[in-house]
Amino acid sequence: MKTSKPLKIAIQSSGRLSLQSELFLKSLGLEFEISGRELITPIEDGNIEILSVRDDDIPQYVAQGVADFGVVGENVLSEQRSPAKIVKPLDFCKCRLVIAVPVDSDIQTISDLESERIATSYPEILKNFLQDNAIKASIINIKGSVEVTPQLNLADAICDLTQTGETLKKNNLRILVTLFESQAVLIESREKNENKIRFLRRLNNCDHSPI
Ligand code: PRT
Ligand code: ZN
């Protein structure tokens, strides 16, 4: 039976979260294939729509009720100080946000970061960490390839995500401190509606019948 308003679930369109997010939804009994660049994939007679978007937009979509649910990294939620509610940790895309320095750097403890330059794509989390530890340092906001900034003499330290540690190693960096442990989480909008309640039941009871 077609309900009036489809349930909308936002997942990352193309990136580290995409495949695992799709597998998570499929584990709940949702059957779908996302084709190419489709933004909206209607499934279950149009009662559910999967929105394929950039991960950075997911907290906002959910907080504003454009999507009812979303799958996103806790790191992005935290950086954006999103008010979206976490329903469930999903145990994938685990990583750590760390401060790292060149292996031969004089920086040995976090207090040695005083007056240094730290490059990051996570300026909010880093700013809070520095404030909490009464450290004054320059935050250099970089969108990508943060790991190369010390080699370019653009920064003395970096604050970036790491999973295996391979990228840090390749760039001759060592971890000074971990700021944040992250994983993918399911988030939900504030609005309550029948479709959402049915979906949550499906999530909690493993009742895989269509909504
Ligand atoms: O295009 P869009 O904006 O949607 O995607 P994106 O490029 O912003 O994000 P994407 O796909 O790179 O990552 C999505 C999410 O995956 C992140 O927000 C994290 O929650 C999670 N995740 C898990 C990671 C990593 N592990 C990870 N290792 N995100 C990024 N990395 C990068 C890291 O920045 C570094 O460059 O991988 C490199 C280090 O990896 P290791 O394994 O060598 O340590
Ligand atoms: Zn992103």
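The values are calculated or read from the model by the stated rules, or taken from the named source; none is laboratory data. Model, not experiment: these values are computed from the prediction. Quick reminder, even Gly has a Cβ in these numbers, built from the backbone with ideal geometry, and neighbours come from all protein chains shown. Note: accessible area is taken over every heavy atom of the protein model, side chains too, but ligands, DNA and RNA are not part of it. Shrake-Rupley method; radii C 1.70, N 1.55, O 1.52, S 1.80 Å.
Considering the chain, what Rg and Dmax in Å follow from its alpha-carbon atoms?
Final numbers for Rg and Dmax: 19.9, 66 Å.
If you count, for each residue, the other Cβ atoms within 10 Å and average over each peptide, how do 8-15, 66-73, 37-44 line up from highest to lowest?
Details: 8-15: 21.4, 66-73: 26.0, 37-44: 13.6.
Going by the mean number of other Cβ atoms within 10 Å, highest first, we get 66-73, 8-15, 37-44.
Once the piece of chain linking residue 205 and residue 133 is laid out straight, how much longer is it, given 0.36 nm per residue of separation minus the C-alpha distance between them? Write down the numbers at each step before the final one.
Numbers: separation 72, 0.36 × 72 = 25.92 nm, distance 4.33 nm.
Length gained, residue 205 through residue 133: 21.6 nm.
Would you mind working out the accessible area per residue for segment 35-128, using a 1.4 Å probe, and quoting it in Å²? The partial results should precede the final answer.
Numbers: 4440 Å² over 94 residues.
That works out to 47 Å² for each residue.
With the cut-off at 1.5 for a/c, could you classify segment 1-68 from its C-alpha gyration tensor as rounded, prolate or oblate?
Details: a/c = 1.74, a/b = 1.17, b/c = 1.48.
It comes out oblate by the Cα gyration axes.
Whole-Hz ³J(HN,Hα) for each residue in segment 104-112, computed from phi via Karplus 6.51 cos²θ - 1.76 cosθ + 1.60 with θ = phi - 60°, x for glycine and proline: what do you get?
So the J values, rounded to whole Hz, are 9, 6, 6, 6, 10, 10, 5, 5, 5.
Spelling out what I want: for every residue of segment 47-56, take phi, set θ = phi - 60°, compute 6.51 cos²θ - 1.76 cosθ + 1.60 (Karplus), and round to whole Hz; glycine and proline get x.
For segment 47-56, the Karplus curve yields 6, 10, 10, 9, 9, 9, 9, 6, 4, 5 Hz.
Taking a probe of 1.4 angstrom, what is the accessible area of residue 178 in Å², to the nearest 10?
50
Over segment 126-211, calculate the relative contact order: mean separation of alpha carbon pairs under 8 Å at least 6 apart, over the residue count, as a percent. If you can, show how the numbers build up before the last one.
Working: 30 pairs, mean separation 14.9, N = 86.
After rounding, I find 17 percent.
Of 8/143; 88/196; 26/192; 143/170, which pairs sit farther than 25 Å apart, going by alpha carbon to alpha carbon?
Working: 8/143 29 Å; 88/196 14 Å; 26/192 23 Å; 143/170 19 Å.
Checking Cα-Cα distances, 8/143 exceed 25 Å.
Between the helical axis of 123-132 and the dominant principal axis of the chain, each derived from Cα atoms, what acute angle in degrees is found, rounded to the nearest 10?
The answer is roughly 60 degrees.
What three numbers, in Å, describe the spread of the alpha carbons of segment 33-111 along their principal axes, ordered from the longest?
Principal axes ranked by extent give 61, 28, 20 Å for the Cα atoms.
How high is the relative contact order of the chain, in percent, counting Cα pairs under 8 Å that sit 6 or more residues apart?
28
Please get the size of the charge dipole for the chain, origin at its Cα centre, with Cβ charges of +1 on Lys and Arg and -1 on Asp and Glu, quoted in debye to the nearest 20.
Values: 25 positive and 30 negative charges, 104 e Å.
Dipole size: approximately 500 debye.
Compute the separation of the alpha-carbon centres of segment 167-196 and segment 1-70 and state it in Å as a whole number.
A separation of 19 Å, based on Cα centres.
Could you state the orientation-averaged shadow area of the convex hull built on the Cα atoms of segment 95-193, in nm² to one decimal?
Details: hull surface 29.8 nm².
About 7.5 nm², averaged over all directions.
Which three lengths, in whole Å and largest first, does segment 136-211 cover when its Cα atoms are put on their principal axes?
56, 26, 20
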